[in-house]
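Single-structure report; data block below.
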Amino acid sequence: MNTAHTLGFWWAWPAALLAYILFRAWYDNWRGPLSSEEIEEFMNITADLPGPHHTDRAVLREFLEADDGKEFVMCNLIKLFPHPVAHPFTGTPTPPQDLLQEYVKQFVGVLLSGGGHPVVAARKVAGYIDAWNAPPDPGWSIAGMMRYRSRRDMMKLATNEKFRKAHPLSMPQFSKLILSLRKWWRKWCFAPELQSAWGWLWQLRWCTLAQS
């Protein structure tokens with residue numbers, strides 16, 4: 001192996017380290033849990049948002065007050081209407097799937113800006129296979145999971161002007177909707193962001209060696 005050629009790519013490691021630092025700066029919450037002042041501010045703002053009657057505000061307050069500053073995952077269970085519904089802006093009969101796509105395009109951009117991202121989205125292909133002490137399947141259409149960097153970021157998204165303008169798109173398409181919040185449990189060595197980051201670093205190293 002030509003040492004001179006290898007040293008010629010010394011910049012690869014600092015560049016990889018810088019990329020990883022920038023990634024962690026975006027992906028992790030560095031501000032800690034919500035303060036009591038922030039909680040009251042968010043509760044006051046959301047009281048005036050469209051559709052507050054769909055939200056149990058006592059549950060929301062409890063969720064915010066229990067903030068530990070860590071990431072979490074929101075599980076979305078969605079049942080779409082089987083027929084076209086009126087578009088909230090034009091009134092034109094529109095397939096619910098098209099409204100969902102229009103909503104997601106605007107939602108995901110705001111989600112990514114706050115360190116969040118989709119984890120999984122899947123279309124239902126069958127009913128319950130194994131269910132214990134559970135109510136009958138209401139006919140869910142889609143299940144999706146979204147990762148949030150923190151509870152602060154979730155509330156910032158909910159009060160974001162772009163999201164608020166897009167939110168009416170979500171209302172007419174859902175026959176049923178359940179949002180459930182879950183802790184993101186894992187061993188650090190299996191963390192997807194660490195796996196992807198370290199995998200990227202090793203690929204960069206091997207590319208450097210191959211070029212040398």
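Which of the aspartates and glutamates could be linked to Lys162 by a straight reach, that is with a Cα gap under 20 Å, when you skip same-chain ones fewer than 8 residues away?
Cα-Cα hits under 20 Å: Glu41, Asp48, Asp98, Glu102, Asp153.
Relative to the compact-globule scaling 2.2 N^0.38 Å, provide the ratio for the alpha-carbon radius of gyration of the range 101-156.
Cα Rg divided by the expected 2.2 N^0.38 Å: 1.46.
Applying a 10 Å radius around every beta-carbon, put 143-152, 79-88, 110-119 in order of their mean neighbour count, most first.
Sorting 143-152, 79-88, 110-119 by mean packing, highest first, produces 143-152, 110-119, 79-88.
With a ≥ b ≥ c the root eigenvalues of the C-alpha gyration tensor of the range 88-127, is it rounded (a/c under 1.5), prolate (a/b larger than b/c) or oblate?
oblate
So, with +1 on the Cβ of K and R and -1 on the Cβ of D and E, and no other charges, what is the size of the charge dipole of the range 3-137 about its Cα centre, to the nearest 20 debye?
It comes to approximately 640 debye.
In square nanometres, what is one fourth of the surface area of the convex hull spanned by the alpha carbons of the range 17-173?
If I average the Cα hull's projected area over directions, I get 11.9 nm².
Which links in Lys79/Lys105; Lys124/Lys156; Lys79/Lys165; Lys79/Lys156; Lys105/Lys156 stretch past 24 Å when you go from one Cα to the other?
Lys124/Lys156; Lys79/Lys156
Within a 10 angstrom radius of the beta carbon, how do Phe63, Phe42, Phe89 rank from fewest other beta carbons to most?
Sorted ascending by nearby Cβ count, the order is Phe89, Phe63, Phe42.
Using the Kirkwood radius built from alpha carbon pairs, what does the Stokes-Einstein equation give as D for the range 43-127 at 37 °C and 0.692 mPa s, in µm² per second?
Calculated translational D: 205 µm²/s.
Rule-based calculations on the coordinates, nothing more; no lab input. As the structure is a computational prediction, the values presented were derived from the model and not from experiment. Reconstructed Cβ throughout: ideal geometry from the backbone, glycine too, with neighbour counts over all protein chains shown.
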